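Participant: Structure provided below as structure tokens; questions to follow.
Laboratory data are not the source of any read-out in this text; all were calculated from the coordinates shown. Treat the numbers as computed from the prediction; the structure is a model and nothing was measured. Cβ placement follows ideal geometry from the backbone for every residue including glycine, while neighbour counts extend to all protein chains displayed.
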Amino acid sequence: MTFGLDYLFWGMNPVGYHLTNLLLHAANAAVFYLVARRILGLALPGPAQRGNVGLAASAAFAALLFAIHPLRVESVAWATERRDVLSGLFYLLTLLVYLRAGEQGERGRSGYWASVGLFVCALLSKSMAVSLPVVLLILDVYPLRRLGGARGWWGEPARRIYLEKIPFVLLALAASGGAFIPQIEGRNMPSLDELSVLGRLAVSAYGLRFYLWKTVFPVSLSPLYELRGQDPLALPFLLSYGVVPGVTALALILRHRLPGLPAAWLAYVVILLPVLGIFQNGPQIAADRYTYLAGLGWALLASAGMLAAWRRRSFLVTGLAVVLLLGFGTLTWNQVRVWHDSEKLWSHAVAIDPGSSIGQLSLGLALARHGKLAEAVEHYEAALRLEPGYVDANYAWGNALARQGKLAEAIAHYEQALKTKPDHADAHSNMGAALVGQGKLAEAIAHYEQALKIKPDHVDARINLGVALARQGKLAEAIEQYHRALQIKPDHADAHANAGAALTRQGKLAEAIAHYEQALKNKPDHADAHSNMGAALVGQGKLAEAIEHYQQALRAKPDHADAHTNLGEALAQQGKLDEAIEHYRQALEIRPESADAHNDWGLALARQGKLAEAVKHYQEAMKLRPSFSEAQSNLVNALRTLGMGPADTASSQKNKTVE
């Protein structure tokens, strides 16, 4: 819903989406200040100490420490990680309202139900908020002191507290099921064969230790900490086996002197539990974004320590707090710059972990998007060295080779991808495109049909199948495929443009023009649609309108050879032979093998009386296309004229249609 609102205000301008993330994060910091102030106030031994400057400063320190910590960068700078900052807002508001309701006792019933409603909003933003019922119980123990201690755990007051958690628990269970079932169906969760029970416990312990370490020393942060063939007895895991029980034991030992420590540690574990290895999801062993809520308790604990020390040495503690915040702020500033663009982001990830096959692939894809195909291939090759048979790397490598015109090599990589994953619809579709480039239409059609069998709504495969059928002369079947593609995606410009091209070849110019108009409505700079529209308009005798569309095509794509040739023909029909010849010349600079451009240039020269030069162009057209009957007829007429006197020059103006 928030993305929808952003779209209404900003369209596809990324500034608005980032601004919304930033404003939500700032709002979270403000709400957390209120939560921290209330929790710290409740934790103080007496009401006389509440509301003083030290309390406000400590709460502000907690809010700032949370807000500018480098681990927050991923959740804020990554536009589509909106779920973190949005769920965080409702999560914190739930805590704030619940704390107020808890203080008010029986008078706080409306506040209690408001907190339930806010919890629903948090769950609708991100299912990771399911931890909140347990966190509320922790708050009931400390600092609210509604459970445990002198109040007991099972008396009437305690039972009322447990009962009031039932709506929260039911909502959390529903959200957990809603998140868990699609993960299983989508096969995002590794099986026990892929990640054993022992392995899951090892990864969970690693995560708890890793996030704790990065909270204290937030350096070398990456968008991807890849999980790959982890040995449960490797040193990082052995350290985790020591750290997690050690912190737990320390929290238990100090529970009376520092009750905030076990509360913060337990909340930290509970909040992270859905994203630890027990419920492993995705290729990462950890992710910075998972700490967005889990870091709240540590910020509170740090601010409580500051408050205790501030009373004794306010100047020194204030100075240390400022230095710490400035240090974290500097690290955050640098980390935000890493997220400037995909190429920079994945270059950073690969620099931190060169052994990440996913990182190498992602960097290759980012480079390919900027046309750096040779560099991209190096990273695809690195990804395959790290993970032989990596389907996505073979597929991406094939795409890069196809864009370079190396069709045979591209096909070899598509075949490797399909050998590993036969139901890879995109690989079948792109394999078909490469085969079309080799003129193997029947093989290409078989791959397009296979792609559509796997994924019937694969629009590109359906359009490409239409193109292949059109090249076989099966225009009615091709048009049917374009129409089926348009049923799936009515605003697909290429489908409209190609349908128009096929209808033009059938002589149905009015229907073709309707499709070209729709294509240009959806994509005004569609060069092929402009050029083909021009050809259809020439067929209707609307020469001036056709010329305007050819010119539009060339403004959109100056190296559009067919648009140059077609514009030349239209200008020649208007008697503007010099302008026409200039466009034929440009067409041949772009595509030297264009027999049509040579033939049409010859016709223009013949009309200027330059028959000897015209003959050369007709002969060149014949070399390029020996069966070119029109060029042959024009050549015969020109030679007859040169040798036997004046004769009419055959001139059949045929505009070219591009699919």
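Participant: If I fit a long axis through the Cα atoms of helix 459-471 and take the longest principal axis of the Cα atoms of the chain, what angle between them do I get, 0 to 90°, rounded to 10?
Facilitator: Taking Cα atoms only, the helix is inclined about 10 degrees.
Participant: Right, next: Report, in degrees rounded to the nearest 10, the 0 to 90 angle that the Cα long axis of helix 611-624 makes with the longest principal axis of the chain.
Facilitator: Helix 611-624 sits at roughly 50 degrees to that axis.
Participant: Taking neighbour counts of Cβ atoms within 10 Å as a proxy for exposure, in what order, fewest first, do Val336, Val275 appear? Before the final figure, lay out each step's value.
Facilitator: Numbers: Val336 14, Val275 22.
Sorted ascending by nearby Cβ count, the order is Val336, Val275.
Participant: Shifting gears a bit: Please list, by residue number, every one of the GluC sites (Glu not before Pro) in region 543-611 that is coil in DSSP and has at most 12 other beta-carbon atoms within 10 Å.
Facilitator: Passing sites in region 543-611 are Glu593.
Participant: Under the Karplus relation 6.51 cos²θ - 1.76 cosθ + 1.60, θ = phi - 60°, what is the ordered set of whole-Hz ³J(HN,Hα) values for region 570-581, x standing for Gly and Pro?
Facilitator: 5, 5, 4, 5, 7, x, 8, 6, 5, 5, 4, 4
Participant: Hey, another quick one. If I model a spin label at Leu252 and Val336 as a point 7 Å from the Cα along the Cα→Cβ vector, what separation in nanometres do I get?
Facilitator: 4.3 nm
Participant: Tell me the mean residue ellipticity at 222 nm calculated for the chain from its helices only (DSSP H runs of n ≥ 4, each -39500 (n - 2.57), averaged over every residue, nearest 500). Write out the running numbers ahead of the final one.
Facilitator: Numbers: 33 runs with 477 residues, N = 659.
Result for the chain, helices only: -23500 deg cm²/dmol.
Participant: Compute the helix-to-body angle for 132-141: its Cα long axis versus the longest principal axis of the chain, expressed 0 to 90° and rounded to tens.
Facilitator: Long axis of 132-141 versus the principal axis of the chain: about 20 degrees.
Participant: Separation between the Ala234 and Val219 pseudo-spin-labels, each 7 Å from Cα along Cα→Cβ, expressed in nm?
Facilitator: About 2.2 nm separates the two model spin labels.
Participant: Name the long-range amide H neighbours of Trp339: under 5 Å, sequence gap of 5 or more, or other chain; modelled H, no Pro or chain starts.
Facilitator: For Trp339, whose amide H was placed from the backbone, there are no distant partners under 5 Å.
Participant: Same structure again: Would you please name the trypsin sites (Lys or Arg not before Pro) within region 275-373 that are DSSP coil residues with at most 13 other C-beta atoms within 10 Å of their C-beta?
Facilitator: Numbers: sites: Arg289, Arg311, Arg312, Arg313, Arg337, Lys344, Arg369, Lys372; in loops: Arg311, Arg312, Arg313, Lys372.
Qualifying residues, ordered by number: Arg311, Arg312, Arg313.
Participant: Structure shown: which of Lys557/Lys616; Lys372/Lys523; Lys508/Lys542; Lys372/Lys406; Lys440/Lys557 lie over 18 Å apart, alpha-carbon to alpha-carbon? Mind dumping the intermediate values first?
Facilitator: Numbers: Lys557/Lys616 29 Å; Lys372/Lys523 26 Å; Lys508/Lys542 15 Å; Lys372/Lys406 15 Å; Lys440/Lys557 28 Å.
Going by Cα-Cα distance, Lys557/Lys616; Lys372/Lys523; Lys440/Lys557 fall outside the 18 Å limit.
Participant: Here's a follow-up. Would you mind ranking Leu170, Leu34, Leu250, Leu147 by Cβ crowding within 10 Å, fewest neighbours first?
Facilitator: Working: Leu170 11, Leu34 17, Leu250 14, Leu147 20.
Going from sparsest to densest Cβ surroundings: Leu170, Leu250, Leu34, Leu147.
Participant: Amide H of Ile285 versus every other amide H placed in the peptide plane: which residues, excluding those fewer than 5 positions away on the same chain, fall under 5 Å?
Facilitator: Residues meeting the amide H criterion: Tyr225, Glu226, Leu227.
Participant: Which entry in [x] 68, 26, 23; [y] 50, 35, 22; [z] 50, 27, 21 matches semi-axes √(5λ) of the Cα gyration tensor in Å derived from the coordinates of this structure?
Facilitator: Computed from the coordinates, semi-axes √(5λ) of the Cα gyration tensor in Å corresponds to [x].
Participant: Could you check the spin-label model distance between Lys165 and Gln404? Points 7 Å from the Cα along Cα→Cβ, value in nm.
Facilitator: Modelled inter-label distance: 6.0 nm.
Participant: Please state the shape class of region 2-338: rounded when a/c is under 1.5, otherwise prolate if a/b exceeds b/c and oblate if not, all from the C-alpha gyration tensor.
Facilitator: Details: a/c = 1.24, a/b = 1.20, b/c = 1.04.
Rounded shape, in that the Cα axes give a/c under 1.5.
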